Amino acid sequence: MKKRKKSEADAPPIGDRLLTLREAADPPIGDRLLTLREAADVLRLSTRTLREYLQRGEIEGRIIGGRWRFRRADLDSFYADVPRSWDCIGKNNHED
C-alpha cells in the first residue's frame, strides 16, 4: 500500500480558504515578537523586574536563539491581571 502524502486539501477550512497543514498545527503568533528591553518598555518596568516576573512564572515569555522573546498579547494579559493594589505604589511605598 502506498502512503498518501497529506496536502492542503486535508487541512481544516477557515473562512473561504484552507489552512496549510503547518498553519493548522501552529497557530499564528500575531505581531512580531518583542525583546526583553522592548517588553520592559511596554510594561514600564526595568529589565531586572521583568526577569523576576519571568522567574516566578507571572509573565509568559520564550527563549528563542538564546534571547527572551515576548508576544504583545501575553504582555497585555499580564497587565490586565495585575492586582489593583499595585496601582501607583512605587519603591518603598512611594507614589510615582
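The values are calculated or read from the model by the stated rules, or taken from the named source; none is laboratory data. Worth saying up front: this structure is predicted, and the values here are computed from it rather than measured. Don't worry about glycine lacking a Cβ; one is built from the backbone with ideal geometry, like all the others, and counts go over all protein chains shown.
If I filter region 3-16 for residues that are loosely packed, with under 10 Cβ neighbours inside 10 Å, at pLDDT 60 or above and not in a helix (DSSP H, G or I), do I get at least one hit?
no
Collect the residues in region 42-52 that are under 15 Å from Arg71 (Cβ atoms) and surrounded by fewer than 17 Cβ atoms within 10 Å (Cβ to Cβ), keeping them in residue-number order.
Val42
Contact list please: Cβ distance under 8 Å, first residue in region 52-75 and within 14 Å of Arg37 (Cα to Cα) and in a strand (DSSP E or B), second residue at pLDDT 90 or above and of a type in the set (Gly, Ala, Ser), pairs at least six apart or on different chains.
Hits for this filter: Trp68/Ala39; Trp68/Gly61; Arg69/Gly61; Phe70/Ala39; Phe70/Gly61.
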